[in-house]
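Before any comments, here is the structure.
The values are calculated or read from the model by the stated rules, or taken from the named source; none is laboratory data. Just so it is clear, the structure is predicted and the values come from calculations on it, not from any experiment. Positions of Cβ are backbone-derived with ideal geometry, glycine not excepted, and every protein chain shown enters the neighbour counts. With ligands, DNA and RNA removed, areas are computed over all heavy atoms of the protein, side chains included. Shrake-Rupley method; radii C 1.70, N 1.55, O 1.52, S 1.80 Å.
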Amino acid sequence: MLCVFMFLAPSASLQSLKLNWTKVFAKPVSWYVRTSPGILLVKSGNSLTALDGKDGRQLWALADVRLDGTSVADIPGAENRGLNVLEVPWMGVLLLNGARLPSSAERRLIALNLMTGERLWDAPPVDEMMTVVPFYESGQIVVVSRRVQKKILVAEATAAVASEVPFLFASGVLPYPYRFELERLDLATGKIAWNTEYPRTFTPGTTYVSAFGDHLFIYFGNRFLGCVDLQNGKVGWEDGAKHLWSASLPMPLQMASGRLIYVSKEVEAVDPETEKLAWTIEELGKVTGIFVHDGLAVAIGEKRMAAVDTASGTERWRVKTHGHTTNLLWERSSDTLVYADWNGLHRVERTTGKSLLNGKLQTDSPPYYLRRAGPKAVVAIGYNETDGYDMENGKLLFTEAKLNALFRSDAFLEDWPMPEDGQELVRMIPAPSGDAEWETVHRLTLLSAAALQNLMDSATDPDGTLDVYQTEPEKGTPKIWWVDEKTNKEMVIRPTAQKHDVSRAMGNVFAVNGKMLWAARIEAN
């Protein structure tokens, strides 16, 4: 029996939910993941099944497809998630790496039509698939993977065992060395244009990969930025001597007016091909957010926030901040920016910096990250608690425990590694931009017209108004909740199953209990 109970609201600020559960998959579930068009991929034994996330209908199934598990034992959730299974964002293509079908004993990189399960092509497998970067106009992709450097790992493990701290190796926390591998291929045919190994060895850390124009950029671990020529896979330039950005930046690399904008000691705009410096924004303190739109780059630091013209670098405005700043959220309808610092929650005009809100924080510790939770609400994520605020007046709506999972409204199966429950705060691959990219997506995508339209609607508001959060106190039970966009009330359920996922866009809560997959419609009392 599924044990996920309805939570009855004790106050007017909360609203109870009615959950009527239905078993949607009768076989024992090894893992399941949710893709962007609302399709659930369910692995059970050797089979892989695609279900419609709204009503549970089977869309297609592969009776026998064996997927190689991860070669790195300490990736979170490796035993329960579909590593080496990635979706090409916006294109309706599913990649299965290291897959073996009954017709072949060899492992292959196999591309499937995500909507129908039709096999499109296959190619030699890559090592440990991390993400897929699409080039919408050309119809090509770069598959980013990593290869563990086994000789180095063995040498380091031997040294750890011989040292006074052999438990590092035994407990699996010894940093494993690896190299990035990049492979560019045609999405329609699988034909490989080039593949290369990035000539540096890394250890586990925050990784961000993005492409602008003819260049692909690899950001790694607050200390390294590498530029790769997409025409041939060769390294163009590297910046490895600076502290590049803070962990709260939603997108560490941005492009405007033909320049790459990122954070070293200061905010810099450089020529993406030559690294020639065009302009800087200085004396901001530790930078925690950048927002670029309509020819204006706004950067916030723990001392100041400033805006400059992206073409000339001319400063438009500058204001003081008060430490412990967050990222910047753009409120589209009013063209304002929302952020928090030690003094409170603030909202300013994007083009002038004029202050429109200065609300006091009702917490002992400042947040490090903000997300939209509806037209009028913002969620402030801290290290010890998670708070909801009214974005218009700064009033505290509610306080919850520490965040331990996020269920994104725009879930693409392209984040790596997949968390054990929920998605990362930041999505790596941005939506298409510009008429040319959108025209190509419409022409080449394998998504249905309805699925593509749903994605386009979600892309217009990337800050997460339909996100769902899970928090859990040190002593107590977890809670899944979100903010109703019409009332600003907190909608709450208390989960007790093994794993959960929530899609407000589909109107469903999913859970695995007793190795069975269940679903319930979201209905308010």
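Considering region 505-525, and only residues there that are in contact with a Leu (Cβ under 6 Å, 6 or more places away or on another chain) and either at pLDDT 85 or above or buried (at least 22 other Cβ atoms within 10 Å of the Cβ) (or both), the residue that is farthest from residue 33 (Cα to Cα) turns out to be 520.
Cβ separations smaller than 7 Å between residues 6+ apart or across chains give the following pairs from region 342-357 residues that are on the phi > 0 side of the Ramachandran plot to residues that are assigned to a loop (DSSP other than H, G, I, E, B) and surrounded by 14 or more Cβ atoms within 10 Å (Cβ to Cβ): 344/361; 344/394.
Scanning region 474-486 for residues that are in contact with a Gly (Cβ under 9 Å, 6 or more places away or on another chain), part of a loop (DSSP other than H, G, I, E, B) and either at pLDDT 85 or above or surrounded by 10 or more Cβ atoms within 10 Å (Cβ to Cβ) (or both) gives 484, 485.
I'm trying to understand the selection: among the residues of region 304-334, which are touching a strand residue (DSSP E or B) at 6+ places or on another chain (Cβ under 9 Å), at pLDDT below 95 and among the charged types (D, E, K, R)? Correct list: 331 only. If you check residue 497 against the conditions, is it out of contact with any helix residue (DSSP H, G or I) (no Cβ under 6 Å at 6 or more places or on another chain), open to solvent by less than 30 Å² (accessible area, probe 1.4 Å), of a type in the set (Gly, Ala, Ser) and at pLDDT 85 or above? Judged against the criteria, residue 497 is not a match.
Scoring residue 260 on the criteria (1) at pLDDT 85 or above; (2) open to solvent by 50 Å² or more (accessible area, probe 1.4 Å) leaves a single failure, condition (2). In region 113-138, the qualifying residues are those that are in a loop (DSSP other than H, G, I, E, B) and among the hydrophobic types (A, V, I, L, M, F, W, C), and the one that is nearest to residue 214 (Cα to Cα) is 126. Considering region 272-292, the residues that are farther than 20 Å from residue 215 by Cβ and of a type in the set (A, V, I, L, M) include one that is modelled with the lowest pLDDT, namely 287.
Go through region 270-382 and tell me which strands (runs of 3 or more DSSP E), entirely inside it, have 1 or more residues that are open to solvent by 60 Å² or more (accessible area, probe 1.4 Å) and of a type in the set (A, V, I, L, M).
By residue number, 277-281, 355-359.
Can you confirm whether region 239-254 contains a residue that is part of a loop (DSSP other than H, G, I, E, B) and at pLDDT 80 or above? Yes, region 239-254 contains at least one residue that is part of a loop (DSSP other than H, G, I, E, B) and at pLDDT 80 or above.
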